[in-house]
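**Q** Below are the structure tokens for one structure; questions will follow.
None of the figures in this text is laboratory data; all of them are computed from the coordinates on show. Keep in mind it's a predicted model, so treat the numbers as computed, not measured. So basically every Cβ, Gly included, is an ideal-geometry build from the backbone, and we count neighbours across all protein chains shown.
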Amino acid sequence: MSLLHRASFFISAARLDQLPAPGAPEVCFVGRSNAGKSSAINVLCNQRRLAFSSKTPGRTRLINLFGLPDPLEPEQPLGFLVDLPGYGYASVAHKEKEKWADILGGYLRDRPSLAGIVLIIDIRRGVTELDRRLADFIAPTGRPVLALLTKADKLPFGQRQRTVFAVRKDLADIGALHTVPFSATERIGLPEATQYIENWISPKVVP
């Protein structure tokens, strides 16, 4: 069984100072509202409603942490999956957007236990201006990024591959970038994405 399948809700926080003290490795999920972030988390964790989105995109404003128990010490989390608020929905007031940007930017820049970033991008849209703004937060940190190009089942194979190439080019300033076409409904890219995230939480020792 995948380590991710053991994920369970740990805590929600409205501000960075409400997060638990840094410790076990954290892998965060971030993406534009409506890009399929909650669906990706749920299928990776093999659970239906671990993460859930509001019926009004852009309404979910909390940082949600899901703990991954250590098989040897179940009381101690081996790591955390962190669901960051979706960003950039048009109906949200400008002041609220800036507040979210401060939270997202502060977490991505300053969280010492952040081991990797899963960037959710709708494959049909490619890298939007809002995704580019987020990449500008991420690039200087040097942290590894897994770009999940969601809803990949909506495009034929050749078009998927062209979009993967275009996203890599658009995000070339993120040095440690890996790009995976992904579909929650068809489970495209699920094994590869799982392997990357598990290795960030619990690195495999290679002899």
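**Q** With N set to the number of residues, divide the alpha-carbon radius of gyration of the chain by 2.2 N^0.38 Å and report two decimals.
**A** 0.96
**Q** Another one. Say the cut-off is 26 Å between C-alpha atoms; which of Lys99/Lys154; Lys37/Lys99; Lys99/Lys169 go over it?
**A** Result: Lys99/Lys154; Lys99/Lys169 exceed 26 Å.
**Q** Let me ask something else. What value in Å³ per residue do you get for the convex hull of the alpha-carbon atoms in the range 77-185?
**A** Looking at the range 77-185, the number lands at 122 Å³ per residue.
**Q** Tell me the net charge near Arg160. Cut-off is 12 Å between Cβ atoms, Arg160 excluded, with +1 for each Lys or Arg and -1 for each Asp or Glu.
**A** Result for the neighbourhood of Arg160: +2.
**Q** May I have the extent of the alpha carbons of the range 5-54 along their three principal axes, as whole Å values ordered from largest to smallest?
**A** 28, 25, 16
**Q** Near Leu50, within a Cβ-to-Cβ distance under 15 Å, what is the net charge of the other residues, with Lys and Arg +1 and Asp and Glu -1? The partial results should precede the final answer.
**A** On the way: positive: Arg6, Lys37, Arg48, Arg49; negative: Asp83.
So the environment of Leu50 carries a net charge of +3.
**Q** Compute the relative contact order of the chain as a whole-number percentage, counting only Cα pairs closer than 8 Å that sit 6 or more residues apart in sequence. Before the final figure, lay out the partial values.
**A** Values: 373 pairs, mean separation 48.0, N = 207.
Normalised by residue count, the contact order of the chain is 23 percent.
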